[in-house]
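S.K.: There's a structure below that I have some questions on.
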Amino acid sequence: PPPPPPPPPPLFFLKPYDGIPDPLWSRGLGDVYKRQVLNGPNLNLLGIREEDVYGSESLKDIEIRLQKIAEINNCIINFYQSNAEHELIEAIHNALNDKVDCIIFNPAGYTHTSVALRDALLAVKIPFYEVHISDIESREDFRKKSYFSDIAEKVISGHGSAGYDQALAAALGIDNIK
């Protein structure tokens, strides 16, 4: 039998910008925006974790949807998830070197504990949108305090995974998702 066809190209970028001209410029689409989506601990378990709170979509489902929105809007978007605080700090530092214009950040459990992540965001001075799938204000008392809300451009909480779409729309300065 003939060999199987090659896999399709990925729908999202897995590596930081490396100086190679991006494909959007080569198509003559003009200005290209760079956005970074960062996800904190346990979000790799979306789709199987507490579906009544977090829904049934996986993180990969969300990434694919956001990648499609980004492509339509001349945007390069990178995705990164880690369960380790220091790796998220490094991703924030790398966003500065990679000339990321804006970060969409779901700090998850670190929302209520991480001064170090807050300090990293303040240090790089990259605007960011704080996203929470569940409404942190209506959950347990310890979840109501965010170390990021007062420095975020906007907090989007309690809209399910659509909160990521809302944050990307805000980060791109568009009213409606195309």
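The values are calculated or read from the model by the stated rules, or taken from the named source; none is laboratory data. Every value quoted in this text rests on a predicted model; they were computed, and no experiment measured them. Cβ coordinates were reconstructed from backbone atoms using ideal geometry, including for glycine residues, and neighbour counts include every protein chain displayed. Just the protein is used for accessible areas: all its heavy atoms, side chains included, with ligands, DNA and RNA removed. Shrake-Rupley method; radii C 1.70, N 1.55, O 1.52, S 1.80 Å.
S.K.: Of all residues in the range 72-120, which are within 15 Å of the chain's Cα centre (by Cα) and closer than 20 Å to Gly173 by Cβ?
M.R.: Cys75, Ile76, Ile77, Asn78, Ala95, Val100, Asp101, Cys102, Ile103, Ile104, Phe105, listed by residue number.
S.K.: Can you tell me how many residues in the range 96-119 are outside any helix (DSSP H, G or I) and touching a helix residue (DSSP H, G or I) at 6+ places or on another chain (Cβ under 7 Å)?
M.R.: Looking only at that region, the number is 6.
S.K.: Could you run through the range 121-162 and say how many residues are on the phi > 0 side of the Ramachandran plot and surrounded by 12 or more Cβ atoms within 10 Å (Cβ to Cβ)?
M.R.: 2
S.K.: Further question: Does Tyr80 count as over 20 Å from Glu137 (Cα atoms) and out of contact with any His (no Cβ under 6 Å at 6 or more places or on another chain)?
M.R.: yes
S.K.: Looking at this structure, is Ile76 under 13 Å from Val37 (Cα atoms), open to solvent by less than 40 Å² (accessible area, probe 1.4 Å) and not in a helix (DSSP H, G or I)?
M.R.: yes
S.K.: Now for a separate question. Inspect all residues belonging to the range 56-70 and state whether any of them is surrounded by 17 or more Cβ atoms within 10 Å (Cβ to Cβ) and more than 15 Å from Ser161 (Cβ to Cβ).
M.R.: yes
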